[in-house]
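J.: A single structure is presented below for examination.
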Amino acid sequence: MPLMASRVFGAAVVIVLTVAVLRVLTTTSTDEVATVVASEDLSADVGSTNTTVEARQLEDPPKNLGPRKDLVELDGWLNTDITSLDDLDGDVILVELWTFGCSNCKARIPHTQDLYATYKDRGFEIVGVHAPEFSYEAEVPNIVEAVEQLGVTWPVALDTDKRNFRAWQAGGRRFWPRTFVIDQNGDVRFDHIGEGAYDELEATVAWLLANPAA
């Protein structure tokens, strides 16, 4: 290769590598961490098996993590007539922060579908808080289409400006997805980032349904 062409090629490689590094730094330095980072942070949880009879038994009550927050300033709801979490008082509620373009979020859906089919008639409800990462995920027609294609049949709260996404994850980095379980008194009894922990999740739901909060 001629000397000049070699120098040009080398400069191009340096530029490409620099741009790639800057993109990574830009993504990971924000407080709204991209889904790929959440997946890497939770590599030990990936591949957890789904429900078993044994997994539904908890030896100790799930830890009480304090009262849940409200869902405020939403842009509407899908798949439901409710307008607030208060409408579900007395139920065990799974609240999941997600967005339809997130691969980790989509990987959780089959497990969530199984959980919903098993417990939805026993005082259990799911609320998916849809908080878009990218602009195309904020368009309601795109959300409606994705919800149908992904088989999301539970209530979906539209958190377009991510106010609730940030409020529920205050004081640190924020992730898609993040899953909470709320007991009948409105206290958080389960909190998990990313994929996995499916057995623990079901065990928590089953325990709370069998042992209603006083």
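J.: Could you tell me whether the stretch 175-197 includes any residue that is farther than 21 Å from LYS63 by Cα, basic (Lys, Arg) and assigned by TED's automatic domain parsing to the domain that holds LEU88?
T.: Checked the stretch 175-197: no residue is farther than 21 Å from LYS63 by Cα, basic (Lys, Arg) and assigned by TED's automatic domain parsing to the domain that holds LEU88.
J.: Can you tell which of GLU137, GLU96, GLU125, GLU133 is modelled with pLDDT of 95 or more, acidic (Asp, Glu), buried (at least 16 other Cβ atoms within 10 Å of the Cβ) and part of a loop (DSSP other than H, G, I, E, B)?
T.: Residue meeting the stated conditions: GLU133.
J.: Restricting to the stretch 83-114, give me the number of residues that are touching an Asp or Glu at 6+ places or on another chain (Cβ under 9 Å), among the β-branched types (Val, Ile, Thr) and touching a residue at least 60 places away in the same chain (Cβ under 8 Å).
T.: Qualifying residue count for the region: 3.
J.: Something else: Report yes if some residue within the stretch 40-63 is closer than 24 Å to ALA157 by Cβ and either at pLDDT 80 or above or surrounded by fewer than 10 Cβ atoms within 10 Å (Cβ to Cβ) (or both); otherwise report no.
T.: yes
The values are calculated or read from the model by the stated rules, or taken from the named source; none is laboratory data. Just so it is clear, the structure is predicted and the values come from calculations on it, not from any experiment. We place every Cβ from the backbone using ideal geometry, glycine too, and count neighbours over all the protein chains shown.
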